[in-house]
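A quick write-up on the structure given underneath.
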Amino acid sequence: MVIILSAIILLGLVVALGEAWNRVQVEAGNLHTEILVEYRELMEQVNRHSMGRFSVEDALAAFKASGIGGVLFKEQSLDDLARGGQLQVFRGAELLAASKSGRLNDYLPGFAALDSFNPYYLYVEIPEPALWERVSFYLRSKVPGTIIHQEPKGPEGASGNAAPSCGGILSVPLEEEMLSEVGVGFPRAEMESVLAMGMNIYLQIYGWPGDEQSIPEVFGDFQELPGVRGILFLGANLPGFPGHTALAASEVDRLGVPVVTIDLFELQRRPLLSLVRSSAKKEVIRLHAIPQEERDLLSRERALSRYHLAVTERNIRLLLIRYGGKNLYGLPWLEENTGFVADLREGLAAAGHPVGTVLPYKSSDFSFSRAKIFFISAGILAAGVLLLFRAGMQVAGLLLGAAGLVLVGFLLVAGGKIMGMEGIDLARKGMALAAGIIFPLLGLSLYKCRFGGKSLLKALYSLLAISAVSLAGALLSAGLLAEMTYMVKLDQVQGIRLALLLPLPLAWLLLIAGDETSLRGMARKFRELWDRPLFAGTAVLVLLLLAAAAVVLIRSGNESPLVTELELRARSFLGELLTVRPRTKEFLFGHPFLLAALYWGLGSRLGMLAAIMGMVGQVSLVNTFYHLHTPLTISLLRTGGGLALGIILGVVLALAPKILCRIWERLPARGE
């Protein structure tokens, strides 16, 4: 039976390695990056810093020469246009009060022809005809209840090209705080100017509830815009989400451009995942940006490092730069920022990511089938059965393994959603999570008899063997999740903290059981342990294990409150010293303690504590491969670097007690 289970594990691993290799090829074929500026931000920065020595067009030309390849245009809102003096917004209550007092004709003669005012509406006056056409179109499409009161009027007897003497007036049922959340299109003239300079254009649009009429209307206008290479979304609300997501996705397909996701913008992840999965093309590019207020606090080198890591370690292909030199003015400001872009471009090229045409990640790059998911899942379940065999639970192992296989098969063929997820996603995520729990424990159970061999070479071999078993589980998970939405971090495994924590108490139970392989014998050992009096040393051991679990839990994720400034500097140093920085939990904590425990044995509380702490490195090793947005080669290098450094530190830790005892013995006794 063990041979059959091993063969099933090997088959699943072969299928997973095939998918992992395809993923490596996809990542290797998508290396170009593109650096962007946002047009409105650039205009504001130029107005603030140029001192009249250069224009926005001059700045764009200088940035293009330094390496900028595209310009991001954020959709203009009513608030943007009002602050720019292109239109005026009045509260209906104010206009009503002015009308009743007879002051309306004196201060706002354009509104004098209106018969009445709704105090709960906002009134918008737009003098320029072309802007009126655009804004009124978008408001009629997006805001039900929009009322057109008058069109822009030219002076009496003047030609059609004369400046109007009276602006167009409309009213909308909006609160004032909504002025910055309703998009009213893009400045076509500025976009055509950028396109003439040979730069790509990316759109960032506002969401709105939408319906069967407004969504095609608005996206139809987007299709008329020149040179668009990608589309982003402002805020967490996407067009038509959630009721008309499929319609919005079809309109994005008609645009013929990929969706751009914003790195670390978690509020957009769920609606974007729904949009992309409803799309026929399913093409995505990832963008990274540093907020301007954060960029002001970063040194030049630190900002360059942030952008560099985003590209090399997170599959980011678009970089939106923010500006340094906030205390510089005139040409020095322009030279500082164009020099920054040039340094960024050269650094990326040196790392194998030249500036050029950016390719999206496509769902069609991955020919994943339900059969492959089934085979990989069978390999993971077989490992679980083997683990239960080694724990003396043969019958339970076979029953649970068979039940798990039936459940996976059901999820793969069943339609509809279960627990809020598609069946195929639930199978993928559940099996990936199971691999993160099963394989570190399986490696420990296979080599638990090796603890205390008093041979550093044998301890090293056992550490590498246990890590190889954990790596097999990691590669099974990576193959299982080799799909575009996971690679661009629109989808991800839930319950990672469970996979980090659960193996620790289970590992303790395995080690306490010792050489027992029968369920009855294990139960006897646990009963004996339970009946023992609680000594201070045991209590301290339990508290230390709980503290270690808390540290693992709190430090997991992108934002950890326990990461100190000193550790950040150490990470930066390791990143510069090595090709890829290894994970701290592995090289500084897990691997050294596990190697030391294998050398010391489990006869003392110290050895047992070191063994449990050492398992943190194994669960972290598998956890590394849950990050599908990190290139697979980077994850492998990170794992190898962590093992190498961990072994060096582990040798020092393993020999430290013996060396310290010898030093202590050679110290002269007191009184001599």
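The values are calculated or read from the model by the stated rules, or taken from the named source; none is laboratory data. All values derive from a computational prediction rather than experimental measurement. Note that each Cβ is placed from the backbone with ideal geometry, even for glycine, and that neighbours are counted across all protein chains shown. For accessibility, only protein heavy atoms count, side chains too; no ligands or nucleic acids. Shrake-Rupley method; radii C 1.70, N 1.55, O 1.52, S 1.80 Å.
Along its principal axes, segment 361-490 has C-alpha extents of 55, 38, 22 angstrom, given from the largest down.
Length, then width, then depth: along the principal axes, the Cα atoms of segment 399-455 run 56, 22, 13 Å. What does the C-alpha gyration tensor say about the overall shape of segment 17-130? Classify as rounded when a/c is under 1.5, otherwise prolate if a/b is larger than b/c, or oblate. Oblate is the answer for segment 17-130, as a/c is 1.5 or above yet b/c matches or exceeds a/b. For Lys417, the solvent-accessible surface with a 1.4 Å probe is about 140 Å², rounded to the nearest 10. Given the convex hull over the Cα atoms of segment 1-82, what projected area results after averaging over all orientations, in nm²? With every direction weighted equally, the projected area is 10.7 nm².
Neighbours of Ser470, meaning other residues whose beta-carbon lies under 14 angstrom from its beta-carbon, give a summed charge of +2 when Lys and Arg score +1 and Asp and Glu score -1.
Computed over the Cα atoms of segment 54-111, pair by distinct pair, the Kirkwood hydrodynamic radius stands at 15.2 angstrom. With no solvent and one point on each alpha carbon, what is the Debye value of log10 I(q)/I(0) for segment 349-437 at q = 0.11, 0.18, 0.26 Å⁻¹? Values returned for q = 0.11, 0.18, 0.26 Å⁻¹ are -0.46, -0.82, -1.28.
The alpha carbon radius of gyration of segment 218-265, expressed as a multiple of 2.2 N^0.38 Å, is 1.16. Each peptide in 26-37, 50-61 gets a packing score, the mean of other Cβ atoms within 10 Å over its residues, and the list from highest to lowest is 26-37, 50-61. Does segment 571-663 come out rounded, prolate or oblate, given a ≥ b ≥ c as the square roots of the eigenvalues of its C-alpha gyration tensor, rounded meaning a/c under 1.5 and, failing that, prolate meaning a/b above b/c? It is oblate, given that a/c is not under 1.5 and a/b is not larger than b/c. Can you bin segment 244-386 into rounded, prolate or oblate? Criterion: square roots of the alpha carbon gyration tensor eigenvalues sorted a ≥ b ≥ c, rounded for a/c under 1.5, prolate for a/b above b/c, oblate for the rest. In terms of gyration-tensor shape, prolate. Look at where the Cα atoms of segment 348-421 and of segment 32-54 average out, and the two centres are 46 Å apart. Normalised by the number of residues in segment 289-351, the mean separation of alpha-carbon contacts (under 8 Å, six or more apart) gives a relative contact order of 40 percent. Taking segment 328-378 on its own, what percent of its Cα-Cα pair distances exceed 13 Å? Tail of the P(r) past 13 Å holds 74 percent of the pairs. Within segment 606-672, the trypsin sites (Lys or Arg not before Pro) that combine a DSSP coil assignment with at most 14 other C-beta atoms in a 10 angstrom radius are Arg670. What the Kirkwood sum gives for the chain is a hydrodynamic radius of 29.1 Å, with every pair of different alpha carbons counted.
Taking a quarter of the surface of the Cα convex hull of segment 248-290 gives a mean projected area of 3.0 nm². A straight line joining the Cα centroids of segment 198-272 and segment 287-323 runs 24 Å. Take the Cα radius of gyration of segment 1-43 and divide it by 2.2 N^0.38 Å, N being the number of residues; the result is 2.36. Distance between the 7 Å Cα→Cβ label points at Met197 and Ala65: 1.2 nm. Working from the Cα coordinates of segment 124-271, the gyration tensor eigenvalues give, after taking √(5λ), semi-axes of 30, 20, 13 Å in decreasing order. Helix 370-390 and the longest principal axis of the C-alpha atoms of the chain enclose an angle of approximately 30°. Kirkwood radius for segment 233-310, taken over all pairs of different Cα atoms as the inverse mean of 1/r, rounds to 14.0 Å.
Here the sum of -39500 (n - 2.57) over DSSP H runs of 4 or more residues, divided by the residues of the chain, equals -18500 deg cm²/dmol at 222 nm, to the nearest 500. Run the Debye formula on the Cα coordinates of segment 429-484, all scatterers equal and no solvent, and tell me log10 I(q)/I(0) at q = 0.14, 0.21, 0.27 1/Å. Calculated log10 I(q)/I(0) at the listed q: -0.43, -0.73, -0.97.
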